[in-house]
1. Regarding region 1-127, what is the average projected area of its C-alpha convex hull, in nm²?
2. What FRET efficiency comes out for residue 376 versus residue 475 if R0 is 56 angstrom and r is the Cβ-Cβ distance? Round to the nearest 0.05.
3. Please list, ordered by chain and number, the residues whose modelled amide H lies under 5 Å from the amide H of residue 254; skip anything fewer than 5 residues away on the same chain.
4. Residue separation times 0.36 nm, minus the C-alpha to C-alpha distance between residue 332 and residue 70: what's the value?
5. Can you list residues whose amide H is under 5 Å from residue 365's amide H, if they're 5+ apart or on another chain and H is modeled 1.01 Å from N?
6. Where does the chain land on Rg(C-alpha)/(2.2 N^0.38 Å)?
7. Given the convex hull over the Cα atoms of region 56-158, what projected area results after averaging over all orientations, in nm²?
8. In region 257-444, what percentage of the DSSP-assigned beta bridges are antiparallel, given to the nearest 5?
Amino acid sequence: MTDDPVEIAMQNLLGALDVASGDLPVDDPSTGEIIARVRAYGLDEISQIIGGADDARHAWAARTAKERGAILIKWFNLVMAHQSELAHLVTAECGKPLTEAMVEVSYGAAFIEWFAEEGKRAYGETIPSFAVGKRVLTIKQPVGTCAAITPWNFPIAMVTRKVAPALAAGCSIVLKPAEATPLSALALEKLAIEAGVPKEVFKIIPVIDPAPVGELFCSDERIRKLSFTGSTPVGKILMRQAAKNVTKVSLELGGNAPFIVFDDADIDAAVEGSIASKFRNAGQTCVCANRFLIQEGVAEEFTEKLTARIDGLKVAPGLEQGAEIGPLINDAGHSKVSTLVESAIAAGAVARLGGRSSDRGGNFYEPTVLAGVTRDMDIANAEIFGPVAPIMTFADEKEAIRIANDTPFGLAAYFYARDLGRVWRVMEALEYGMIGINDGIVSSEVAPFGGIKQSGLGREGSKHGLDEYMELKYALIGGIS
Ligand code: ADP
């Protein structure tokens, strides 16, 4: 018997699976210790799994949307009943504080509940006809067998955001989780099967080497749709590979989110919004504020208040009481952040707080505020993925918009302002898929999540998220007169 909550969660949620002697090691980013060894799948096995999913999809699609929805609601209830255990798995494999992991589980579960309901509303339409004796209509049908590839920073929510709409639409789906975080995904799969999802219809396939699996997904004609969340370079590879069979793709890729504070803003609210936007998951989210653009007249006040607010955030392993900033995911993530900060300081930026690794050692990094950042610095252009707030200044609205849009990315942008005209102008001018106005968090299952430009294609969540897994079929009926 053990009293370690992570081991208990593994026993309860993954018990029968081979997570002790598989060949994919999973480590705890807080300590580097290996916490599980998951069974990894080979390409031949995956091909067979795709075959099983493709056979099973017809019977799944033939059920009513209501029946599928009822199974999804059971899955939602099971996920929420196991919220704490799932959160322990998330923290153990991805490092985020347990309080954040708890929120992630309920956020992830919300997609299941949402699409259980939304699946029943996949309406077609009748269109006023263009000719006498003819009728024009559309129906929506499941796209077929789908594949998905997910990242490590939201090991629950990125899975449910793809799997729930696919299942609700009547598709089957094979999902490759990130190598760092297979445990949460496997636990979700187990709960889905317990809820009544046929096991061939939803399959998690951890692997050791992702590249050949991406290639397989794109070259197997049974896969009709690939949904990917991850980096822009990998998204581009997959998009190229998907050209072979014209496989449909949804891509949720990198961002370079500006966080703009105008001189009419409520500065205290902007500081709170910055904490939510920048320091969640130690800055490791694709919608994280990446560049702070502060109007000259309020720059010092904002910088001082932000620094005071961040000073003292508790840097600690995610399971430690009161932890607010967990470790970065791995050595590579840590050295990327260090290098960006060091080169910004060498080029003239000033660390008002942090600017170095944490005394906790390992992959922990101090929450950092960098003032005097300029647009030519790497830190103003690269996706930082760490708890670092680089601050730049601007003179007026036009300049803020120009700097904000001067990037190939277009995922999320945030701004704080109170003048109503400015709010509209800036919202319309920002070339981003999601805009947070006087708020630092935009994500919700009810709203469309996705980017423009090189941040991706398609939307997840909301009613639009279901369409990504459906084909629109047009039928013309003649001979009616
Ligand atoms: P990150 O830098 O956040 O790990 P990646 O884009 O490398 O972002 O990883 C996101 C997901 O993409 C992970 O599941 C990873 O295994 C997968 N992945 C990485 N490289 C490839 C590839 N060449 N083809 C398909 N999937 C890939």
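The values are calculated or read from the model by the stated rules, or taken from the named source; none is laboratory data. Remember, predicted model here, so these are calculated numbers, not experimental data. Here Cβ is always computed from backbone atoms with ideal geometry, including for glycine, and neighbour counts include all displayed protein chains. Side chains included, ligands, DNA and RNA excluded: accessible areas come from the protein's heavy atoms. Shrake-Rupley method; radii C 1.70, N 1.55, O 1.52, S 1.80 Å.
1. Value for region 1-127: 11.1 nm².
2. For R0 = 56 Å, the calculated efficiency reads 0.50.
3. 232
4. 90.0 nm
5. Counting only residues 5 or more places away or on other chains, the set is 328, 358.
6. 1.01
7. 9.0 nm²
8. 15 percent
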